[in-house]
Amino acid sequence: MKRIIFCLITIILAASTAAFAAEITVAGKLQKTVESGGWVIDGKSKYLLLNARKFQSEAWFKEGTNVEAIGDTKDVMTTYMEGTPFEARSVRPLEQAETRRVTRVMVSGDSIVQAQPDTAILNISVVTQAKQALEAQQQNAVKSDAVVRALKAAVGSGAEVKTSGYSLQPQRVYKEGQPPNISGYEARNSVTITLSDLSKVGAVIDAAGQAGANDVGGISFTLRQDRPAKDSALKEATREAVSKAQVIAQALGGKVTRIVEVQEEGFQRPPQPVYQVDTFMKRDNASTPVEVGSLEISSRVQLTAEIETNL
């Protein structure tokens, strides 16, 4: 009975000791052992690596390399018991840890891509003035109807003509020391035209002017499908940033080992200049010239790279 109790106490103590086994760090040179495929870390004490195969694929894992390992000792029996049985969670070469210098650099890359616009947007208005509000409104309605019909005929199918604004406002005369006096009323009806056939832009302006439009706010050009151009600009900006990081690494006698972070700082598509067109200044037989030009799509990328050097 006493023998049984003693064995139970021994088992409990052994289990308790294993449960409270602390993680340790050992350092020394890698050495082969007499056991088949066996390796020890030979430092102040010898530790037999029970899981050496886990690290043998590393280029630095060879005889004579100084290493540092973190793991636990194990209460197991081996054939020759050459060192304390040790299971490593991690092993690293000390020479590499001592000579390896890592620094981070932050660089930016910029790119501008030229793209041909595929859409024109025009803003055309009819402005009328009269002494009475109703008169200004009625005159505007007649002229605006004629302008809209002329625009739809000029742009053809596939274009969009829509009302974008309407206002009826009093016109005031200001005199010093007197309250403002209403001298008349102004009605404004604005129409926005969106079309894909850029060759019709001049003809549309001419048709609007001939029908009675007297305020052409301007023209802007854009891309409906801008994803390919944006992707191209982003790709080139990223390449430039990576190239800068590599140049810095070479200048330091090292290499880029890791891209830590990449941020796109924003896509920009500068608007095409707005063309102001005065229909009253046109000659009777002259058509309105419109030069489309190209759009510039720009992208900027900020990149953080990790560089390994021996400096």
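The values are calculated or read from the model by the stated rules, or taken from the named source; none is laboratory data. Remember, it's a predicted structure, so these values are computed and weren't measured experimentally. Cβ sites come from the backbone with ideal geometry, for glycine too, and all protein chains shown count toward neighbours.
Brief remarks on what is shown
- Which numbered condition residue 226 misses (of (1) more than 30 Å from residue 141 (Cβ to Cβ); (2) surrounded by fewer than 16 Cβ atoms within 10 Å (Cβ to Cβ); (3) at pLDDT below 95): (2)
- Hits in region 54-77 (condition: of a type outside the set (Gly, Ala, Ser) and over 12 Å from residue 91 (Cα atoms)): 62, 63, 72, 73, 74, 75, 76, 77
- Any pair with Cβ under 7 angstrom, 6 or more apart, that starts in region 132-160 at a residue that is assigned by TED's automatic domain parsing to the domain that holds residue 187 and ends at one that is of a type in the set (Asp, Glu): 136/186
- Residue within region 47-70 that is over 14 Å from residue 28 (Cβ atoms), in contact with a Lys or Arg (Cβ under 7 Å, 6 or more places away or on another chain) and not in a loop (DSSP other than H, G, I, E, B) present: no
- Per the conditions (1) free of Cβ contacts under 8 Å to residues at least 60 places away in the same chain; (2) assigned by TED's automatic domain parsing to the domain that holds residue 140; (3) surrounded by 12 or more Cβ atoms within 10 Å (Cβ to Cβ), the sole criterion not satisfied by residue 259 is (2).
- Residue in region 164-200 that is farthest from residue 287 (Cα to Cα), counting only those that are over 36 Å from the mean Cα position of the chain (by Cα) and among the hydroxyl-bearing types (Ser, Thr, Tyr): 174
- Count - residues of region 137-173 that are outside any loop (DSSP other than H, G, I, E, B) and touching a Leu at 6+ places or on another chain (Cβ under 7 Å): 3
- Residue that is surrounded by the fewest Cβ atoms within 10 Å (Cβ to Cβ), among those in region 19-39 that are within 19 Å of residue 79 (Cβ to Cβ) and either at pLDDT below 80 or in contact with a helix residue (DSSP H, G or I) (Cβ under 9 Å, 6 or more places away or on another chain) (or both): 36
Residues are listed down the side, and each one gets a yes or a no for (1) of a type in the set (A, V, I, L, M); (2) at pLDDT 95 or above; (3) under 30 Å from residue 229 (Cβ atoms):
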site: 84; (1), (2), (3): no, no, no
site: 87; (1), (2), (3): no, no, no
site: 90; (1), (2), (3): no, no, no
site: 94; (1), (2), (3): yes, no, no
site: 103; (1), (2), (3): no, no, no
site: 114; (1), (2), (3): no, no, yes
site: 119; (1), (2), (3): no, no, yes
site: 127; (1), (2), (3): yes, yes, no
site: 154; (1), (2), (3): yes, no, yes
